[in-house]
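K.L.:
Before I ask anything, here is the structure I am working with.
The values are calculated or read from the model by the stated rules, or taken from the named source; none is laboratory data. Everything quoted here is computed from the prediction, not taken from an experiment. Methodologically, a virtual Cβ is constructed for each residue, glycine included, from the backbone with ideal geometry; neighbour enumeration extends over all protein chains shown.
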Amino acid sequence: MSTHAIEAVGLIKRYGDKEALAGVSFEVPRGAVCGLLGPNGAGKTTAVRILTTLTGADGGTATVAGLDVATRGGDVRARIGLAAQDATVDALLTGRENLIMIGELHHLGRRVAAARADELLEQFDLSDAGGRLAKTYSGGMRRRLDLAATLVARPEVLFLDEPTTGLDPRARNELWDVLDTLVADGTTILLTTQYLEEADRLADDIVVVDHGRVIARGDARALKRQVGGSQLFATPTDPGDLERVAAMIGDIAGAPPGIDVPSRLVQAPTDGGPLAVSRLADALGDAGIAVDDIGLRQPTLDDVFLTLTGEHIAEEQPQEVAR
Amino acid sequence: MTVHVPSADTRRGSLLGDTWVVARRGIQHIRRQPEALSDVTLQPVMFVLLFAYVFGGAIDVAGGNYREFLMGGIFAQTIVFGAFGVAISLAYDRTNGAIDRFRSLPMAKGSVLAGHAVASLMRSLLPVVLMSICGLIVGWRIHTSVADAVGGYALMIGFSFAMIWVGVLMGAMLPSPEAVQGVAFTALFPITFVASTFVPVESLPSVLRTIAEWNPVTAVAEALRTLFGNPSAIQGPDAPWSIQHPVIYSLAWMVGIIAVCAPLAVRAYNRTIAD
């Protein structure tokens, strides 16, 4: 049996003239959490739809749980759970009925399906709401029920398409905690997200997708290294000093600095460590430039993403500058 | 205690089992939407009572009383409107992602459509039962043999089944439940009214009269009147063939609708869900 829970090789998907996927390859080891990270329209959802057998690929192959998605669709579906972008709970059924229906459609038998439904309601803190129609649920409860529904048949591989979109921060944190327990149980998870924080928080391995292509992959640390180490930054008090500060930072860091005018932030990647900060502080002091903030920070996935796709974002949203 | 879930290799489903799960869900939906519930319970009863008592006095039917005439028409209308229900529930499922969820499950091929069809048959036939009871109360009677009466109800079931495919086709082709509603009101209403549903065809102006004479809704209404021994909209040797042979004519429509619409509907449905 393959050691990979998911294996995608050269997936291609076209919608008319538009190429949603232009040869996407990646694999996810059993028990791992993989984050597909990319902006809207990057092809994340299309990849998930192919892997969950909802649509066919125009090229390439994929296996899930060791089974070819194109030829063994039914067997794949028996082994996966899918939480689509919008929670697709049935609003006119109760939470419990929703879960039982999914269990029955997984052919667990009514008794097992009912027992499993109660177990999941408990696990997702929905026991009290289990008898209420899902249309009375809050957004966070709906998401939890949706996630519970994907787990009814104890799937080997779980697909979560933007699982926290539209949730408030508290509900998002709750959902993250639930996902942690699944990971501890050894479920393989592929999740798509636009939130870098989310990919960093949940995924062992991150696949960055843009315009239907994989543009980078690795764990969060490796991706951060691609940006070129830490960021040396300073925020001059007077916007008029931005250019001079930028020149200093560029000099000390040895890399062209980025300037974000609205927040008065100047930064550049450096491997000079804390010494770079003290050199910058000295230089600023000598020049008599006042700053609100100065320091060295670890790059975030945001920086990675902008380094990799900066061009694209600049094209579509010219007013948005790297911070 | 953790619930033991049988492994994926040992789980076996069936078309019938999956269809029933989807059908049961559809029936729950009807029960839990006040307007859908009233569509299948209060509305048919109200229709019978309104037409029987409000129009009953104003409309003359040759050779019988209006309440007896009315029932065949009102049954036919209910069955044709059955297309609505399935179209709306399919469009609703498609727009809210339920179809995708079903498709990500190891369900038997065709069970989603079949389940919708069964729920929709219930939606059409429950009102038929209620209207029958209501009709009996206001004075409608079946005057023919048991075999003819059974034939009448069988025709209703068969035509309901045919209308489901019209509904699936509408549900697959139209983008939203609201669009379905719009089309249904602009198309189905005239079709059911330019017919012998509520008035004898003779009372219509000539062009409308010809349309009504060949309208399948007229055919079903007339077939039911014939099979139940109720007064018919047109009697007389100069009536067109469609009116002289309503049972055969409506069976032909039924078979024709199924033969044309079912393959188209399945194709349209598969296309809309494929991406």
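K.L.:
Just to be sure before I move on: is B:Glu178 touching a Pro at 6+ places or on another chain (Cβ under 8 Å) and farther than 15 Å from B:Met156 by Cα in the structure I sent?
P.N.:
On the way: touching a Pro at 6+ places or on another chain (Cβ under 8 Å): no; farther than 15 Å from B:Met156 by Cα: yes.
No: the conditions fail for B:Glu178.
K.L.:
Taking the range A:50-65, which residues are surrounded by 17 or more Cβ atoms within 10 Å (Cβ to Cβ) and assigned to a strand (DSSP E or B)?
P.N.:
So the first thing to find is which residues in the range A:50-65 are surrounded by 17 or more Cβ atoms within 10 Å (Cβ to Cβ), and the list is A:50-55, A:57, A:60, A:62-65.
Correct list: A:Gly60, A:Ala62, A:Thr63, A:Val64.
K.L.:
If you take the residues in the range A:71-102 that are among the basic types (Lys, Arg) and more than 8 Å from every other protein chain (Cβ to nearest Cβ), which one is surrounded by the fewest Cβ atoms within 10 Å (Cβ to Cβ)? Lay out the reasoning, then the answer.
P.N.:
Step one: filter the range A:71-102 for residues among the basic types (Lys, Arg), giving A:72, A:77, A:79, A:96.
Keeping just the survivors that are more than 8 Å from every other protein chain (Cβ to nearest Cβ) gives A:72, A:96.
Details: A:Arg72: 17, A:Arg96: 21.
Step by step, filter the range A:71-102, then rank; the result is A:Arg72.
K.L.:
While we're on this one: Looking only at the range B:157-195, how many residues end up being at pLDDT below 90, crowded, with 20+ Cβ neighbours inside 10 Å and not aliphatic (A, V, I, L, M)?
P.N.:
The total comes to 2.
K.L.:
Restricting attention to the range B:94-134, which residues are closer than 25 Å to A:Gly109 by Cβ and charged (D, E, K, R)?
P.N.:
To start, the set of residues in the range B:94-134 that are closer than 25 Å to A:Gly109 by Cβ comprises B:98-119, B:122.
If the condition is that a residue be closer than 25 Å to A:Gly109 by Cβ and charged (D, E, K, R), then B:Asp100, B:Arg101, B:Arg103, B:Lys109 are the ones that fit.
K.L.:
Scanning the range B:72-102 for residues that are within 14 Å of another protein chain (Cβ to nearest Cβ) and either under 19 Å from B:Val48 (Cβ atoms) or touching a strand residue (DSSP E or B) at 6+ places or on another chain (Cβ under 9 Å) (or both), which turns out surrounded by the fewest Cβ atoms within 10 Å (Cβ to Cβ)?
P.N.:
Within the range B:72-102, the first condition is being within 14 Å of another protein chain (Cβ to nearest Cβ), and the residues that meet it are B:88-89, B:92-102.
Retained after the next criterion (residues that are either under 19 Å from B:Val48 (Cβ atoms) or touching a strand residue (DSSP E or B) at 6+ places or on another chain (Cβ under 9 Å) (or both)): B:100-101.
Numbers: B:Asp100: 20, B:Arg101: 25.
Top of the filtered list is B:Asp100.
K.L.:
All but one of (1) crowded, with 23+ Cβ neighbours inside 10 Å; (2) within 13 Å of chain B (Cβ to nearest Cβ) hold for A:Val157; state the number of the condition that does not hold.
P.N.:
Going through the list (1) crowded, with 23+ Cβ neighbours inside 10 Å; (2) within 13 Å of chain B (Cβ to nearest Cβ), A:Val157 breaks only (1).
K.L.:
Taking the range A:93-112 only, how many residues are assigned to a helix (DSSP H, G or I), within 19 Å of B:Arg103 (Cα to Cα) and aliphatic (A, V, I, L, M)?
P.N.:
5
K.L.:
Residues A:Ala47, A:Ala32, A:Ala42, A:Ala5: which one is within 14 Å of chain B (Cβ to nearest Cβ), within 17 Å of the chain's Cα centre (by Cα) and under 19 Å from A:Leu202 (Cβ atoms)? Spell out the reasoning first.
P.N.:
Values: A:Ala32 fails: within 14 Å of chain B (Cβ to nearest Cβ); A:Ala42 fails: within 14 Å of chain B (Cβ to nearest Cβ); A:Ala5 fails: within 17 Å of the chain's Cα centre (by Cα).
Of A:Ala47, A:Ala32, A:Ala42, A:Ala5, the one residue that is within 14 Å of chain B (Cβ to nearest Cβ), within 17 Å of the chain's Cα centre (by Cα) and under 19 Å from A:Leu202 (Cβ atoms) is A:Ala47.
K.L.:
What are the pairs, 6+ residues apart or on separate chains, where a residue within the range A:245-272 that is closer than 18 Å to A:Gly229 by Cβ has its Cβ under 7 Å from a residue that is among the charged types (D, E, K, R) and at pLDDT 85 or above?
P.N.:
Once the first residue is closer than 18 Å to A:Gly229 by Cβ and sits in the range A:245-272, its partners that are among the charged types (D, E, K, R) and at pLDDT 85 or above give A:Ile252/A:Arg279.
K.L.:
Taking A:Arg116 and the conditions (1) touching a Leu at 6+ places or on another chain (Cβ under 7 Å); (2) touching a residue at least 40 places away in the same chain (Cβ under 8 Å); (3) facing chain B (nearest Cβ under 9 Å), which numbered condition does it fall short on, given that it satisfies the others?
P.N.:
Exception for A:Arg116: condition (2).
K.L.:
Out of (1) over 18 Å from B:Ile257 (Cα atoms); (2) in contact with a Leu (Cβ under 7 Å, 6 or more places away or on another chain); (3) at pLDDT 90 or above, what's the single condition that is false for B:Val150?
P.N.:
Among (1) over 18 Å from B:Ile257 (Cα atoms); (2) in contact with a Leu (Cβ under 7 Å, 6 or more places away or on another chain); (3) at pLDDT 90 or above, the lone unmet condition for B:Val150 is (2).
K.L.:
So which residues in the range A:181-201 are without any contact (Cβ under 8 Å) to a residue 12 or more places away in the chain and farther than 18 Å from A:Val152 by Cβ, if there are any at all?
P.N.:
Once the filter is applied, which keeps residues that are without any contact (Cβ under 8 Å) to a residue 12 or more places away in the chain and farther than 18 Å from A:Val152 by Cβ, the range A:181-201 yields only A:Ala184.
K.L.:
Kindly indicate whether B:Val112 is closer than 30 Å to B:Phe228 by Cα and in contact (Cβ under 8 Å) with a residue 12 or more places away in the chain. Before you say what the answer is, go through the steps one by one.
P.N.:
On the way: closer than 30 Å to B:Phe228 by Cα: no; in contact (Cβ under 8 Å) with a residue 12 or more places away in the chain: yes.
In short, no.
K.L.:
Pick out the one residue from B:Arg209, B:Arg225 that is within 21 Å of the chain's Cα centre (by Cα), among the basic types (Lys, Arg) and more than 30 Å from B:Pro175 (Cβ to Cβ).
P.N.:
Values: B:Arg209 fails: within 21 Å of the chain's Cα centre (by Cα).
Every option except B:Arg225 fails the conditions.
K.L.:
Is it the case that A:Asp68 is farther than 24 Å from B:Gly97 by Cβ, without any contact (Cβ under 8 Å) to a residue 24 or more places away in the chain, surrounded by fewer than 20 Cβ atoms within 10 Å (Cβ to Cβ) and within 11 Å of chain B (Cβ to nearest Cβ)? It would help to see each step written out before you state the result.
P.N.:
Numbers: farther than 24 Å from B:Gly97 by Cβ: yes; without any contact (Cβ under 8 Å) to a residue 24 or more places away in the chain: yes; surrounded by fewer than 20 Cβ atoms within 10 Å (Cβ to Cβ): yes; within 11 Å of chain B (Cβ to nearest Cβ): no.
When the stated conditions are applied, A:Asp68 does not pass them.
K.L.:
Within the range B:257-271, is even one residue free of Cβ contacts under 8 Å to residues at least 24 places away in the same chain, surrounded by 15 or more Cβ atoms within 10 Å (Cβ to Cβ) and of a type outside the set (Ser, Thr, Tyr)? So that I can check it myself, show each step before the final result.
P.N.:
From the range B:257-271, those free of Cβ contacts under 8 Å to residues at least 24 places away in the same chain are B:259-260, B:263, B:267, B:270; that's our starting set.
Checking which are surrounded by 15 or more Cβ atoms within 10 Å (Cβ to Cβ) leaves us with none.
No, the range B:257-271 contains no residue that is free of Cβ contacts under 8 Å to residues at least 24 places away in the same chain, surrounded by 15 or more Cβ atoms within 10 Å (Cβ to Cβ) and of a type outside the set (Ser, Thr, Tyr).
K.L.:
Let me spell it out: the conditions are (1) over 28 Å from A:Val48 (Cα atoms); (2) facing chain A (nearest Cβ under 8 Å), and B:Asp60 meets all of them except one. Which number is the exception?
P.N.:
Result: B:Asp60 passes all but (2).
K.L.:
I would also like to ask the following. Within the range A:125-147, does at least one residue satisfy the condition of being crowded, with 23+ Cβ neighbours inside 10 Å, closer than 28 Å to B:Gly13 by Cα, touching a helix residue (DSSP H, G or I) at 6+ places or on another chain (Cβ under 6 Å) and at the interface with another protein chain (Cβ under 9 Å from one of its Cβ atoms)?
P.N.:
No, there is no match, as no residue in the range A:125-147 is crowded, with 23+ Cβ neighbours inside 10 Å, closer than 28 Å to B:Gly13 by Cα, touching a helix residue (DSSP H, G or I) at 6+ places or on another chain (Cβ under 6 Å) and at the interface with another protein chain (Cβ under 9 Å from one of its Cβ atoms).
K.L.:
Look at the range A:9-32 and say how many of its residues are in contact (Cβ under 8 Å) with a residue 60 or more places away in the chain, among the small types (Gly, Ala, Ser) and either crowded, with 24+ Cβ neighbours inside 10 Å or closer than 19 Å to A:Ala70 by Cβ (or both).
P.N.:
Total meeting the criteria: 4.
K.L.:
Looking at (1) buried (at least 23 other Cβ atoms within 10 Å of the Cβ); (2) within 14 Å of chain A (Cβ to nearest Cβ), can you tell me which one B:Pro44 breaks?
P.N.:
(2)
K.L.:
Another question, then. Given (1) buried (at least 21 other Cβ atoms within 10 Å of the Cβ); (2) outside any strand (DSSP E or B), identify the lone condition not met by A:Gly35.
P.N.:
A:Gly35 satisfies every listed condition except (2).
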